[in-house]
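The values are calculated or read from the model by the stated rules, or taken from the named source; none is laboratory data. From a predicted model like this one, the values you see are computed outputs, not experimental measurements. In this analysis, Cβ positions are derived from the backbone assuming ideal geometry, glycine residues included, and neighbour counts consider all displayed protein chains.
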Amino acid sequence: MYTPLKLYFQITVTDTKTGKLIRRTRKRLCRSFVKQYLQLQEAFFRHAIGADGDIVNIIDTSNTSRAAQMGSIFTAMSHTPKYILAVDAIEDDDTYGIVVGSDNTAVDNLDYKLNTQIADGQAAGELDYSSHTWVTSAEVGANIDFKVQRPFINNSGGNVTIEEAGIYTYTWCRKGDAYDTGYIFCIVRELTGTITVADGQTATISFTFRTTV
């Protein structure tokens with residue numbers, strides 16, 4: 001029996017210095033792919049080899065509609081089209097990749113960003129965004145899994161509470177005066193439940209993508 005793509009979510013809280021486990025949530029099924037995820041897939045699917053694709057208008061994280069168009073337009077661009085569904089943000093980059101926030105408003109299909117993102121840093125209410133790590137696609141029991149995770153270190157001097165997490169992707173859209181550049185789109189927004197991260201602790205957010213034949 002075919003099982004469609006699923007996404008699982010887990011948080012581990014550890015002592016930053018010793019690595020001692022403080023808390024681990026159960027791995028749970030997400031129901032939090034938002035509209036932009038399918039729209040980006042649609043934009044890639046809707047072009048033929050050697051031809052410009054159809055335009056798909058997608059809301060980015062600034063609540064601005066961007067005209068996504070894939071295909072032969074890339075050959076006319078001055079850059080190499082390597083920024084396609086990029087998630088692997090480097091350390092201290094809180095603009096894309098796995099991101100966290102402090103708002104627990106229910107998830108909606110039309111969410112285009114976290115409601116209240118926690119900024120990268122070491123001031124009160126901030127978390128230090130680390131680089132991503134990956135577990136490559138592989139057979140795991142009856143499933144095919146791949147996992148991406150990102151640690152968030154609390155050096156703020158006080159508690160920081162995580163209520164939401166998401167995945168932002170950075171993607172070049174189309175050739176044109178206003179579009180020969182990249183934009184950030186939210187593809188996942190998930191409520192975490194109240195996760196309190198004390199000063200000196202690290203919260204690692206993990207997303208596991210899974211398919212089963």
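For segment 49-57, indicate whether the set of residues that are at pLDDT 95 or above and crowded, with 18+ Cβ neighbours inside 10 Å is non-empty.
No, because not a single residue in segment 49-57 is at pLDDT 95 or above and crowded, with 18+ Cβ neighbours inside 10 Å.
Results for (1) over 19 Å from the mean Cα position of the chain (by Cα); (2) small (Gly, Ala, Ser); (3) surrounded by 21 or more Cβ atoms within 10 Å (Cβ to Cβ), shown as yes or no for each residue.
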site	(1), (2), (3)
129	no, no, yes
133	no, no, no
137	no, yes, no
152	no, no, yes
165	no, yes, yes
189	no, no, yes
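Among the residues of segment 29-45, just one is surrounded by fewer than 13 Cβ atoms within 10 Å (Cβ to Cβ) and of a type outside the set (A, V, I, L, M, F, W, C), namely 31. Filtered by the rule that a residue be at pLDDT below 95, hydrophobic (A, V, I, L, M, F, W, C) and either in a loop (DSSP other than H, G, I, E, B) or out of contact with any Phe, Trp or Tyr (no Cβ under 8 Å at 6 or more places or on another chain) (or both), segment 1-32 gives 1, 30. The number of residues in segment 158-195 that are modelled with pLDDT under 95 and of a type in the set (Asp, Glu) comes to 2.
For residue 198, the requirement of being out of contact with any strand residue (DSSP E or B) (no Cβ under 7 Å at 6 or more places or on another chain), modelled with pLDDT of 90 or more and among the small types (Gly, Ala, Ser) is met. Taken as a whole, the structure places residue 35 among residues that are among the basic types (Lys, Arg), modelled with pLDDT of 95 or more and under 24 Å from residue 163 (Cα atoms). Here residue 61 meets the list (1) in a strand (DSSP E or B); (2) in contact (Cβ under 8 Å) with a residue 24 or more places away in the chain almost entirely, failing just condition (1).
For segment 1-24, the tally of residues that are crowded, with 16+ Cβ neighbours inside 10 Å and among the β-branched types (Val, Ile, Thr) stands at 5.
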